[in-house]
Amino acid sequence: MSEDKFKTVLQPSLGVYKDKGSKFNAYLLPCKSEESFRAQLDLVKSNEPNARHYCWAMRIHPEDIYERSNDDGEPANTAGAPILRALQSAQLVDVACVVVRYFGGIKLGVPGLINAYGAGAKDAIAENKVITQTITRDIAIQFDYSELSFVERVSRELNLATVERIQEARLRYVVRVEKSKLEETIQHFEKNHLLRVSAL
């Protein structure tokens, strides 16, 4: 996958895993920040108030991936780590997974816990629709009306999306470009010296 592409999900999904009476409900959640994740974690806790553990992992910020996990009282690295590995294996970013455990009275042991939490997370991923998104940048182009056909033609040739058009004494367009093509695109427009181009 190119440096501009990453996999994520847009909707929550629920996975379920059971072992020796214990039940693991796994919530896969789209999130772009820790604040968003904390709010969704609180919501999961309010929906599942009688659970024994709320273990989780998250991966956010596709340009500089930030990962965290938490065992929430389970033995070290038996819950958060396998959840995180499931997210890594699926190459998901801007997501979190909370696996809620209801204890069934029989201890699963370290291997059993690692398997259960990982399996719950994998099931939640399987229940979702994984999509590929592109990391983009916006650039602003200011130009005279006489340059309109040039700007429109270059935008079509480079397959750029115009996200804003302002028509005043001069025109101002904001176009969206793949991050890796930012400098190349700016240079393409700046061949015409009547344009003023800047990254936003």
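If you check VAL16 against the conditions, is it under 24 Å from the mean Cα position of the chain (by Cα), aliphatic (A, V, I, L, M) and crowded, with 20+ Cβ neighbours inside 10 Å?
no
Yes/no per residue for (1) within 28 Å of the chain's Cα centre (by Cα); (2) at pLDDT 90 or above; (3) of a type outside the set (S, T, N, Q); (4) surrounded by fewer than 15 Cβ atoms within 10 Å (Cβ to Cβ):
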position	(1), (2), (3), (4)
LEU84	yes, yes, yes, no
VAL100	yes, yes, yes, no
ILE114	yes, yes, yes, no
LYS122	yes, yes, yes, no
GLN133	yes, yes, no, yes
GLU152	no, yes, yes, yes
ILE166	no, yes, yes, yes
ASN192	no, no, no, yes
LEU200	yes, no, yes, yes
- Query: Is one or more of the residues making up the stretch 18-32 assigned to a strand (DSSP E or B) and among the polar types (S, T, N, Q)?
  - Reply: yes
- List every residue pair whose Cβ atoms sit under 6 Å apart, with the two residues 6 or more apart in sequence or on different chains, where the first one lies in the stretch 115-126 and is free of Cβ contacts under 8 Å to residues at least 24 places away in the same chain and the second, anywhere, is part of a helix (DSSP H, G or I) and of a type in the set (Val, Ile, Thr). none
- Query: Taking the stretch 19-48, which residues are among the basic types (Lys, Arg) and surrounded by 14 or more Cβ atoms within 10 Å (Cβ to Cβ)?
  - Reply: LYS23, LYS32
- Item | Residues (more than 16 Å from the chain's Cα centre (by Cα), within 18 Å of VAL95 (Cβ to Cβ) and aliphatic (A, V, I, L, M)) located in the stretch 40-76 | LEU41, LEU43, VAL44
- Query: Which ones in the stretch 37-95 are of a type in the set (A, V, I, L, M, F, W, C) and assigned to a helix (DSSP H, G or I)?
  - Reply: PHE37, ALA39, LEU41, LEU43, VAL44, ALA81, ILE83, LEU84, ALA86, LEU87
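The values are calculated or read from the model by the stated rules, or taken from the named source; none is laboratory data. Because the structure is a prediction, the values reported are computed rather than measured. Methodologically, a virtual Cβ is constructed for each residue, glycine included, from the backbone with ideal geometry; neighbour enumeration extends over all protein chains shown.
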